Amino acid sequence: MADRQKIVYITRRERFNAAHKLYNPNWTEQENEDFFGKCSNKYYHGHNFELFVTIKGIANPETGMVMDLKKLKKIIKESVTEKLDHKNLNEDVDFLKGFMPSIENIVVAVWDIMAPQIENGKLHSIKLIETENNFVEYFGE
Ligand code: NI
């Protein structure tokens, strides 16, 4: 037991609120409304999003940590949530330009921003909660 390496998963949650709409510009208004329903409302709608970033690794024997969660918090805030908070996700966010800002597309974009800033192989997942019943997870595949 003593020499088995224990892999631990650590998670930091950050919150932001933002507006978006689900709308495919190649479709008519009616097609958008039929498919996306209220989510296509042209005046947008908002959510209180919760973002979970999970890192996996072996605790460093010197620090007892997989990664310093204060450092993880700073990376998430500076490179992701401060750019999303109180924004219109269809219009205001550089790294979402050209995408429909569904939670599926947002988690992939967040992964691409986070991965280069995390020690190689340690980023495990990005999870985004949109409502208490709807959330997505991405594992980099
Ligand atoms: Ni929505």
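Please treat every number below as a calculation from the coordinates, not as lab data. The structure presented is a predicted model; accordingly, all values stated were derived computationally and were not measured. With ideal geometry, Cβ positions are generated from the backbone for all residues, glycine too; neighbour counts draw on all protein chains shown.
For the residue pairs Lys21/Lys127; Lys38/Lys83; Lys56/Lys97; Lys38/Lys77, alpha carbon separations beyond 28 Å are given by Lys56/Lys97; Lys38/Lys77.
Simple point charges give the picture: +1 on the Cβ of Lys and Arg, -1 on the Cβ of Asp and Glu, and for the chain a dipole about the Cα centre of about 660 debye. Here the label points at Ile113 and Glu130, each 7 Å from Cα along the C-beta direction, are separated by 1.8 nm in the simple model. Length gained on full extension, Tyr43 to Thr11, computed as 0.36 nm times the residue gap minus the Cα-Cα distance: 8.1 nm.
On the beta carbon distance between Ser79 and Glu29, with R0 = 25 Å, the FRET formula returns roughly 0.10. When each of the peptides 58-64, 16-22 is scored by the mean number of other C-beta atoms lying within 10 Å of its residues, the order from highest to lowest reads 16-22, 58-64. A Förster distance of 30 Å, applied to the separation of the beta-carbon atoms of Ser102 and Asn60, puts the FRET efficiency at 0.20.
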